[in-house]
Amino acid sequence: MTTVITKLKAREVDNFCRARRGLPYAFGGAFSTDPKRSTDCSGLVLQTGALLMGRTDWSGNRYGSTESFRLNYPIVFDIGFKRLPAGGVKALGFAPIMLVGLQHGGGGEYSHTACTLFYADAPGGEIKQSVRGIDWESHGNRNGVGVDYYDNARAWNDPLFSDFWYLDAKLETAATPATPQPVIVGPADDQLNMQWNCLGGQTLVEAVAQIRDKVCGTADRSKAGVVLR
């Protein structure tokens, strides 16, 4: 049975990807709860599928490689991936939340994979069924960057690929969108300078300063404020 992915879970995965875009390529690596840990192409695809499907063993777990798909390794199907039928996406009768393209050359540098996630039109955007989707890929480093989310990432149907799979899951159709959450990418000091949706895009420092101005009755922060009653 096709799994239904909640908008809240989709937002969680979007936050996860945004926190890791810009990382260097790491052959044989695996994403973890540390957003500074990177991975390679197959690690990215398999771990992202596991995250969407709610698996709790994803951190530090590669699951397999690009050739795991070609060789029909059980873990690929356990996560929820299936080979796209001859009729393509239209033959499925629903819009998968994740589509995958693969190049098979025996593994290593001769094989590659990338995917597209169809829960938003752009990173951080409204969670909804998207036609364009967000491309998500770990590739050889370009100017030190190996992990791309949307910009510079290959799509699932890039001409490089000849083997196509889908995650047997779709986005829920509930009308209420999930609430965007801030992406935590570092220690507490970093959070002070992050922009928070619940604060209208302000940082914590800016929000506190604005409250101080209202309470003290002055925007001149070189002077002691006078509270107006």
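Just so you know, all these numbers are worked out from the coordinates, no wet-lab data involved. Just so we're clear, the structure is a prediction, and the values are computed from it rather than from any experiment. A quick note on method: Cβ atoms are made from the backbone with ideal geometry, for glycine too, and the neighbour counts reach across all protein chains shown.
Details
- Relative frequency of Cα-Cα separations exceeding 26 Å in the stretch 3-171, percent: 17 percent
- Between the residues GLY93, MET53, TYR119, the greatest Cα displacement towards the positive end of the dipole of the stretch 44-132, with unit charges on the Cβ of Lys, Arg, Asp and Glu, is found for GLY93.
- Annotation for LEU92 and GLU109: the two label points, set 7 Å from Cα along the Cα-Cβ direction, are 3.3 nm apart.
- Three-way shape call for the stretch 77-138 based on the alpha-carbon gyration tensor, with the a/c threshold at 1.5: oblate
- Here the label points at ASP151 and LYS214, each 7 Å from Cα along the C-beta direction, are separated by 3.4 nm in the simple model.
- Amide H contacts of ALA169 (H built 1.01 Å from N, under 5 Å, at least 5 apart or other chain): THR3, ILE97, MET98
- Chain lengthening between ASP57 and ARG83 when straightened (0.36 nm per residue, less Cα-Cα): 7.0 nm
- Annotation for the stretch 55-88 versus the stretch 91-150: alpha-carbon center distance of 14 Å.
- Averaging the sequence gap over all C-alpha pairs within less than 8 Å and six or more residues apart, then dividing by the number of residues, gives the stretch 1-115 a relative contact order of 21 percent.
- Sequence-distant residues sharing a close amide H with ILE127 (under 5 Å, placed H): ALA178
- Remark: the stretch 144-157, residue by residue, has Karplus-estimated 3J(HN,Hα) of x, 10, x, 9, 10, 10, 5, 5, 6, 9, 6, 7, 4, 9 Hz, where x stands for each Gly or Pro and the curve is 6.51 cos²θ - 1.76 cosθ + 1.60 at θ = phi - 60°.
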